1. What ³J(HN,Hα) values, in whole Hz, does the Karplus curve 6.51 cos²θ - 1.76 cosθ + 1.60 give for segment 103-113 when θ = phi - 60°, with x put for Gly and Pro?
2. How much net charge surrounds P159 when only the other residues with a Cβ under 10 Å from the Cβ of P159 are counted, with Lys and Arg +1 and Asp and Glu -1?
3. If Rh is defined by the Kirkwood formula over all Cα pairs and Rg also comes from Cα, what ratio Rg/Rh do you get for the chain?
4. Could you work out the longest stretch of the chain that avoids the GluC sites (Glu not before Pro) located in DSSP loops with at most 16 other Cβ atoms within 10 Å?
5. Mind listing the phi-derived Karplus ³J(HN,Hα) values for segment 84-101, rounded to whole Hz, using 6.51, -1.76 and 1.60 with θ = phi - 60°, and x for any glycine or proline?
6. Give the long-range amide H neighbours of G22: residues separated by 5 or more places, or on another chain, with amide H under 5 Å away, using H modelled in the peptide plane at 1.01 Å from N.
7. Among the trypsin sites (Lys or Arg not before Pro) in segment 188-235, which ones are in a DSSP loop with at most 16 other Cβ atoms within 10 Å of the Cβ? Mind listing them?
8. Check cross-link reach from K118 to the lysines: straight Cα distance under 18 Å, and skip same-chain residues fewer than eight apart.
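What follows is calculated from the coordinates using simple rules that are stated; it is not laboratory data. None of these values were measured; they are calculated from a predicted model. All Cβ positions, even for glycine, are placed from backbone atoms using ideal geometry, and neighbour counts span all protein chains on display.
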Amino acid sequence: MKYKYCENDNFEDFASGRVIYGGTGVPNFPVRLGNEIFRRCLNYKKGKDDLTVYDPCCGGGYLLTVLGLLNPCISEIVGSDIDDAMLQIAGKNFSLLSPDGLMKREQELKELAQKYGKQSHLDALNSLDNLKSLCHSSTFSCRTFQADCTKPIQESLHPDIIITDIPYGNLVSWEGAAESSLNLMYRQLAQISHEDTILAVIMDKKQKPETNEWLRLEKQQLGKRKFEIYRCLSN
């Protein structure tokens, strides 16, 4: 795939478990690819500032946290997931988008470095210093809520960009077949969207969603995976 908007920089400061919190079963979406997909979405937007970005399958919030740090046009990050344990990690990661959250993380890493003396903790502190320059003001808004995105979303939410890497491999948290669950998600997301909402979904290349609520703008294959970008047709 040809990258249009994201240079091939060194993204080691964003490595999961370094500054950004990781955990067992928490997927880490490639930083450059995630930012490229987001900026392709941004290219289709009429309004490009003070954006609300939502991930309905946010897991530990890694992708949203990275996007929040790299894109000052975002003013609100919202993540939901069916798994409350994942949301606990996402909440900690979202806190890193504020000066207070980074300060708290810095103290944690200093205590770990003092206690164990590992080079990895010193490297993490260096990365944290680099991330400070990307940190938003204390007014930046972040929140999580528990939800099954194949069912009506009850939270008050009007996202400008929705971006999600849907579950694959083990789909036990999705009801029914993966294909029907994907179509249900598209339908529910349309209910909370407006005419300028842009949706990006990363999925298995074999999946072929069917939707009357979204107009596909582009698709790209990524090995065994692909992403598709849409504009909302409803509301």
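1. Going residue by residue, I get 5, 5, 5, 4, 5, 4, 5, 5, 5, 5, 5 Hz, with x marking Gly and Pro.
2. Values: positive: none; negative: D55, E76, D160.
Computed value for this residue: -3.
3. 0.96
4. 8-154
5. 5, 4, 5, 5, 5, 5, 4, x, 5, 5, 4, 5, 6, 8, 10, x, 5, x
6. Counting only residues 5 or more places away or on other chains, the set is G17.
7. Working: sites: K205, K206, R216, K219, K224, R225, K226, R231; in loops: K205, K206, K224.
In loop regions of segment 188-235 (DSSP not H, G, I, E or B), the sparsely surrounded trypsin sites (Lys or Arg not before Pro) are K205, K206, K224.
8. K110
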